[in-house]
Every structure is written in structure tokens, then in C-alpha cells.
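Remarks on the structure that follows.
The values are calculated or read from the model by the stated rules, or taken from the named source; none is laboratory data. The structure displayed is predicted, hence computed values, not measured ones. So basically every Cβ, Gly included, is an ideal-geometry build from the backbone, and we count neighbours across all protein chains shown. Just the protein is used for accessible areas: all its heavy atoms, side chains included, with ligands, DNA and RNA removed. Shrake-Rupley method; radii C 1.70, N 1.55, O 1.52, S 1.80 Å.
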Amino acid sequence: MNQYLEELEGLGAAPAESEGGIDFGKFLRGFWRRKWILLAFTAIGAAVFYSIARNDVPIYSTNLTIQARAFDPDAERLMERDRLIAMKSRTFYEQLTAKLGLALSLSEGSVWDNAIFSEFWTTTTPTPGKYRLRIDDGGRFFLYFISVDNRETAIDSCSVWDVVDRSRSVYGFTFSLRPDFVATNKEKTFKIKEFNRAISELVNSVKVEFNTKSGLMILTMIGTDYETLPLRLNRIAEIYRQESLGLKDRDMDRGRKNLEMKKDAAERSLKEAEASLRAFQERYPLSLERERMNIGNQLDAINQELKELPIQRDKISQLLERLSAPGPGIDPNQFRQFIVTELCNCAPLNQEPYLRVLHAQLTQQLQDMKTLAGQYAADSQVLKDQQAKINQTQEDIIAFSSKFRSTLAEREKAAREKLSLVLSQQRQLPADENTLAELQRRKKICEENYDNLLKELGRIDLAGHVEGEDVTILDPASRPTSAGTSRAKKIALGAGLGLMLGLMLSVGLDWADKTIRSAEDIQQALNLPVLGVIPVVDFKDIPEYHDFEKAKHIDRQLVTHDYSPTPIGEAYRALRTQILFSKKRERIQTLVITSVGPEDGKSFTSSNLAIIFAQQRTNTLLVDADLRRGVLHNTFRMRKEPGLANYLNGSITLTEAVQATHIPNLSFISYGTLMPNPSELLGSLQMQRFLNEVKRKFDLILFDSPPLEAATDAVVIGTQVDGVALVVRSGRTHRDLAKEKLEIFSSVPANLIGVILNGGDSVLAQNYSYYHY
């Protein structure tokens, strides 16, 4: 323990605050002083979180995997981007909620809907509220709607076997009952929740993750029902699977209609081109020269290039623009990788050597990421560094793609310039040949366009008759696992939060504390040397003692004749050494002990310091110079009169004022009779005679003077003696008050040699309880 306190003192000695920084040692010492408060806050936090954890409902999690397999290498992936967006849209969640009947809520939480209904689903607008189904003894089924005031309104009735064999639809939901339920139950109550609430619960409980490269979709569901959670997730997965296949059919139908419209338009264009060419050839049967053919070929190539370049540039621009808008519910990182992959496969960008190198680098980094993901935790620095490399490579690809649009624009500009040149050459040909060449070129373009559309339409028709892909549930949902935070972690979190709150409270108290607590505070606030630090004295073992009895007990305990090495005794011996043998000042024979305020412990310090000097066989005189309320005569059990006041008014001699104490080598002068003008007496010529006389008879004279807050007697005496020592109390003396009271020493010829720090809060409150100003 002592070693720990010494370390705190060492930390407090750092000069951080003197340079305008923060004194962390002060806060550490505050933590140590308030250690029981910190422990209490920690225990309270742990207890609160234990209570919360004990009442928490367990949360479970289960997952399954859906796989899209391609039988035809050319078949389009089912889970492409547009379909993924559709399957994560609110519209799809509405359909899913309706098909699963998730708006249904049974009164008994332990009974699932499959135990009652063989079929249950809703529209997207079911009527929310409370319902009761009842079967009477005659085999009739009744369904009632229960209003807010608990009144029942019959909304459906039929034979009980009708509701078992056929579905019934009412108030926006459709259902049929299980035969075993009908045979064993007569009545059951259920609720229909707000549909939007049911959708929100589904969105919050189901998490969908896609891997477009492998064709895997992972569904994860959380809930509180351990038994029904896997069954419900398997039902959701089946709807996901069917919806995926349905999206494929709908996409193919839309694609077929668009292609048929384009084919019809291309066919009309081709027929028109053929008719124009036939009409021209009938009127002008000409043979084409080699030059005409060459110019025609050049025009074809340039026009083809001018047709492709804008498309390529627009495609790259569209991909880059889609980076900033992944769409609702799409993982930004997956969408970013999807766009980057599309850029790498986009022609003619994919022909650039630099992009090929970046694409290969990115592919390797992604592969390394998968390998590292199996070796390290998700939040490990290794995975973060690898992700940073992937992000940088993606940024390089995106930046290169963005610049490449300028390259395509320059190529288009060059192609247009070349087209102008070739056209100028073509104008030199006879007008008939020029017209013929244009008609033939147009016919060729229309034929190619029509043939391409026929091939694409044939491919879609073939894909509709051949199963190119299939979606299956690869791993059904298994037994759930716990998804919530463990009780031990919650208790540890509560303890940590409680400890943090206690630390913040301690720091706040220390931050607001403007009292002097350490030697470093004295040096920084008062700019005075520290003569000594007196540790805490505990009076708990001395109950119901009078003040002088406490002082005598302390004398016997700390300043014993056999020099017992107690901590406080050693502190006073160190203080004595500092006063006698300091190289920074001349020898001290007369010394005034004062304090900033009452209860700082100056009288206690004066008494024990005088005893310590006497123990060194120094002829010591202790003078009670508090002519208003001196108390040292009680400490040493001496007579109060006559004393210093009587000597200063000339009524007694020095010999009559001096009293011998029970401590060898220690003499004492009490304050004497109360006088109306103590400050004038202390500053009189008689006081000078007193000092001259006692200096001849004693080696050391200590004056116990009133506090600076009460009177200026200490300053009056301080101008006539060798030095003044100021006593401050740790945790009590306010630094601003100390600064204010010390300003008077800057304008008088007094030698303020330093400060004595009393270290305990309980020491001086007990010792100085009789001294009030």
C-alpha cells in the first residue's frame, strides 16, 4: 500500500500542470482516496445489469443457405442485381408478410399457428384487431370480431368441416383449421396485428446476404421462440426460392416482348432498305470501281466505330454514376465490387493492359481476403488492412475508368474527323455510285441488326423451354443458437459502466476542487518551497478526549524520548533538518509559525516542532504569540498567566514569564492576560527587547501566531524575526485565499521561508476544534 501511495506521489510530482497541462497524478490520487466510492459504483452497475439480464427474454438465431445453380454456362444468373433489389424491396416484404400470415398473433405465445391453422395468409390490408373462433356442440363454426369494449360481432359461420376442408376468407385474411385442433378444442382467441408493424418485425428479424459470384443467398432469422424459429425460417426460404424462379420467368417475358418489338421494327427497316436498293438498281445498273468499294469499307468501319464509341462511353459513365446510388437494402461493399467487376469486363476497357493488371491484382486480393477471413476475427487489424488494399485497388480501377472516358471521346473526335475526310473523298465519286454505296451499306446494317435480334429471341425461347438454372435450399434451418449477449458479459458491462461513472465523478470532483492537496499544488499555486509534509494523524482511537489530552497523547505517540521512528515523528525530524540546514538561507534562530485560516493545524505543528528541536538538545523556547486566543497552555498543561502580553506591557520580567515543560530543553511562554491592543504590543519596542533577551538565553525561539485570515499579527512579528513558516492543510486550504493572504508579505520586510503541508483531513479538525475565528 505504501509503495502504491509513493507511486501516486511520484506521478503527482510531474510538472505537467505548471506548463499549462493536466496534472494526471492529482486525478490518480483522487481515485485512491475515493476507492470505496468507485467500488460501490461498480457493484451498483453490476447489480443493475444483473437484474436486467435476469429478466431478459432469450434471443435465438438460425440460418439457412439457398443456392442458384446454372446448368447452362450461358444462362443468366437468377440472383443478378435487379432481382436482388426486387427481393429486398418493401413490395416484396409485403408479399412475403401476406403469404406467411405474419400479421397473425396468438394469445398463447407457446402455440404456433400450425397447431391451429392448416392454412393462413392475408392480403396486404387485413383488418387489425382481436378475433375469437368458437365451435359449438352442434358442429357449427363461428368467427367473432371483438371490439375495444369487448363486444363480440359474428363475422363468419359454417359447418366445422367446411372450414377444415375449404379455406374461408374474411376481413382480409384466409384460413382453414386443422382436423386435430377441431377435435380437441372448442374456442381460441387470436389477434391480427397492424400490417405495417408485421412488415417491420419481419424486416428486423430476417437478414438476407447475397454472394452473386457463388450464387448463394444466406437467410438469418432471430426470435424468442426456440421451437418454431427454424420452421418459420424454412417457410420464408421456400417463398424466397419460389419468388426467385418467378422473377426469372417475369424477366424473360419482359425481355421477349421488348425483343419482338425491336425485331418487328428491324424487319420493317430491312424491307425498306431492300426496296430502295432494288428501285435504284432498276434505274441505274452501274458497276462499282475499287475506289468506291474502298471508300465504302472505310465508311462502314468509321460509322461502326462512331456507333460503338458513344455506347461504350455511356456504359462506363452509367456504371460510374451507379456507384453513388446502390439502391435501398443493397450492401454498399458488394454493390461496389459488382460495379468494379462490370467495369473490368466492359469493352474496350478490358483490352487496356493496365486495367488487366489491376483486375488480376483485385482478384488475388479478394481471394486472399476469403482465406484470411477464415483465420482471423471479423474485427482484426489483418482483415482491415486487407480490406484497405481491396478498396485502394477498386479506387484505382474506378479512376482509370473515369479517365478512359476522355480517351474514348478523343477517339470519337478523331473518327469524326476521319469521316469528314472520307466523305469529302466520296463526294468526288459520281452521284449515282455514291447513292448505290449508301443504299448497300444501309441494307447491310439492317440485315445484321435483324439477324442479331432473331438470334437473341431464339436464345430466350430456348431458355424458356430448357431449365438453365435452379434454386434450391442447400442447408435448411437447424437448431437455433443464442444470439443475445451472455449474462456474464452484461454484468461485466454494467460493472464497467459503473466504474466509468465513478471515475468520471471522481475526476469532476477533483477538477472542481480548488484546495491545496499536495506539495506540487503549493509550488504551482503559491510559488513557495515546501519545508515538509506532515502525514495524517487519526484520532479515532482517542474518543471523548479534551483538546489538551489529545495533544499530550500525540506528543507521547510521535515525539517520544526514545525517538520512536513513527511516520509523523520522522516527518517532523525532516522538517527540523530542512529549517536548520538549508543551503538557501541563513541560520534560523527565531521563527514564526502561522497559517492561512483556523483549523489548519499551526498550533499542533508549533508544539510538535518545538518538541523535536528540544529532543536534539537544542535549548528551545515556544512562545504562544496568539494574544487573542492562545491555546498552547492547554496543550502542555501550563498556567495561562502571566505570559507574553504581561511582559510586553512591562508588568513582569522574562524570568517570570518562562515556564519549564515536562520535555527536557523545552521552555514555554503562554500568551498571558487578554489585552485590547495585541497588534500594537507585538510591534512595540518592548517586543524588540523581548527578542534580544530571549536570543541571548535560547538557541531557538518558535512563535505560534494567529492565522492570517484572522489577524496580521504574524506579519507584525515576521518583520522582526529570522523567518516565517506558513502551515496549510491538505484538502482544506483554498489556493486563492492563500494567494490573497500572502500578498501582504510582498510589501513588508518579512522572510517567508516556506510552507508546511499538513496531510490529513481528520487531524486538524479535531486538534483545532477549540480555536474559532
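Out of the residues in region 327-378 that are touching a residue at least 24 places away in the same chain (Cβ under 8 Å) and loosely packed, with under 12 Cβ neighbours inside 10 Å, state the one that is nearest to residue 207 (Cα to Cα).
Checked region 327-378; the qualifying residue nearest to residue 207 (Cα to Cα) is 328.
Would you mind stating whether residue 533 is assigned by the TED database to the domain that holds residue 725, more than 19 Å from residue 741 (Cβ to Cβ), at pLDDT below 80 and crowded, with 17+ Cβ neighbours inside 10 Å?
It is false that residue 533 is assigned by the TED database to the domain that holds residue 725, more than 19 Å from residue 741 (Cβ to Cβ), at pLDDT below 80 and crowded, with 17+ Cβ neighbours inside 10 Å.
Looking at the structure I just gave you, is residue 114 assigned to a helix (DSSP H, G or I), among the polar types (S, T, N, Q) and either over 30 Å from residue 92 (Cβ atoms) or at pLDDT below 90 (or both)?
Yes, satisfied.
Of all the residues that make up region 696-706, how many are part of a helix (DSSP H, G or I) and crowded, with 17+ Cβ neighbours inside 10 Å?
Of the residues in that region, 0 qualify.
Going through 717, 669 one at a time, which residue ends up being touching a Phe, Trp or Tyr at 6+ places or on another chain (Cβ under 6 Å) and aliphatic (A, V, I, L, M)?
Values: 669 fails: touching a Phe, Trp or Tyr at 6+ places or on another chain (Cβ under 6 Å).
Result: 717 is the single residue among 717, 669 that is touching a Phe, Trp or Tyr at 6+ places or on another chain (Cβ under 6 Å) and aliphatic (A, V, I, L, M).
If the requirement is being in contact with a Lys or Arg (Cβ under 9 Å, 6 or more places away or on another chain) and either open to solvent by less than 80 Å² (accessible area, probe 1.4 Å) or modelled with pLDDT under 75 (or both), which of these qualifies: 499, 454?
Result of the check over 499, 454: 454.
Name the pairs whose Cβ atoms lie under 7 Å apart, with the first residue in region 702-714 and of a type in the set (A, V, I, L, M) and modelled with pLDDT under 85, the second in a loop (DSSP other than H, G, I, E, B) and open to solvent by less than 10 Å² (accessible area, probe 1.4 Å), and 6 or more positions between them or separate chains?
Qualifying pairs under 7 Å: 708/596; 714/705; 714/706.
Inspect all residues belonging to region 257-272 and state whether any of them is hydroxyl-bearing (Ser, Thr, Tyr), over 17 Å from residue 434 (Cα atoms) and at pLDDT 80 or above.
The answer is yes; a qualifying residue exists.
Looking at 628, 617, 637, which one is closer than 22 Å to residue 710 by Cβ and either of a type outside the set (A, V, I, L, M, F, W, C) or surrounded by fewer than 22 Cβ atoms within 10 Å (Cβ to Cβ) (or both)? Steps first, please.
Numbers: 617 fails: closer than 22 Å to residue 710 by Cβ; 637 fails: closer than 22 Å to residue 710 by Cβ.
Just one listed residue meets the conditions, 628.
Among the residues of region 311-326, count how many are open to solvent by less than 40 Å² (accessible area, probe 1.4 Å) and not aliphatic (A, V, I, L, M).
Here the count works out to 3.
Considering only region 582-604, how many residues are within 21 Å of residue 694 (Cα to Cα) and in contact with a strand residue (DSSP E or B) (Cβ under 7 Å, 6 or more places away or on another chain)?
Number satisfying all stated conditions: 8.
Let's see how each residue does on (1) of a type outside the set (D, E, K, R); (2) on the phi < 0 side of the Ramachandran plot; (3) part of a loop (DSSP other than H, G, I, E, B):
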| residue | (1), (2), (3) |
| --- | --- |
| 633 | yes, yes, no |
| 647 | yes, yes, no |
| 652 | yes, yes, yes |
| 663 | yes, yes, yes |
| 680 | no, yes, no |
| 687 | yes, yes, no |
| 694 | yes, yes, no |
| 708 | yes, yes, yes |
| 714 | yes, yes, no |
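Applying the selection to region 318-364, what residues are in a loop (DSSP other than H, G, I, E, B) and hydrophobic (A, V, I, L, M, F, W, C)?
323, 325, 330, 346, 347
Which residue is farthest from residue 717 (Cα to Cα), if the candidates are limited to region 649-674 and must be touching a residue at least 40 places away in the same chain (Cβ under 8 Å) and surrounded by fewer than 17 Cβ atoms within 10 Å (Cβ to Cβ)?
Here the residue is 664.
Take region 122-140 and flag every residue that is among the small types (Gly, Ala, Ser) and over 43 Å from the mean Cα position of the chain (by Cα). Give the steps one after another, and end with the answer.
Of all residues in region 122-140, those among the small types (Gly, Ala, Ser) come to 129, 138-139.
Once the filter is applied, which keeps residues that are among the small types (Gly, Ala, Ser) and over 43 Å from the mean Cα position of the chain (by Cα), region 122-140 yields 138, 139.
Answer yes if at least one residue in region 386-407 is in contact (Cβ under 8 Å) with a residue 60 or more places away in the chain, within 27 Å of residue 269 (Cβ to Cβ) and among the β-branched types (Val, Ile, Thr), and no otherwise.
Taking every residue of region 386-407 in turn, none turns out to be in contact (Cβ under 8 Å) with a residue 60 or more places away in the chain, within 27 Å of residue 269 (Cβ to Cβ) and among the β-branched types (Val, Ile, Thr).
Do you know which of the residues in region 365-388 that are among the aliphatic types (A, V, I, L, M) and in a loop (DSSP other than H, G, I, E, B) is farthest from residue 340 (Cα to Cα)? I'd like the intermediate steps shown before the answer.
Step one: filter region 365-388 for residues among the aliphatic types (A, V, I, L, M), giving 366, 369, 372-373, 377-378, 382-383, 388.
From what is left, the residues that are in a loop (DSSP other than H, G, I, E, B) are 377-378.
Values: 377: 26, 378: 24 Å.
That would be 377.
If residue 515 meets every condition in (1) polar (S, T, N, Q); (2) modelled with pLDDT under 70; (3) open to solvent by less than 70 Å² (accessible area, probe 1.4 Å) apart from one, which number is that one?
Of (1) polar (S, T, N, Q); (2) modelled with pLDDT under 70; (3) open to solvent by less than 70 Å² (accessible area, probe 1.4 Å), only one is false for residue 515: (2).
Check every one of the helices (runs of 4 or more DSSP H) wholly within region 132-230 and list those with 3 or more residues that are closer than 24 Å to residue 479 by Cα, open to solvent by 70 Å² or more (accessible area, probe 1.4 Å) and free of Cβ contacts under 8 Å to residues at least 40 places away in the same chain. Spell out how you get there, then give the answer.
Values: elements: 160-165, 179-184, 195-205.
Counting at least 3 such residues, we get no helices (runs of 4 or more DSSP H) at all.
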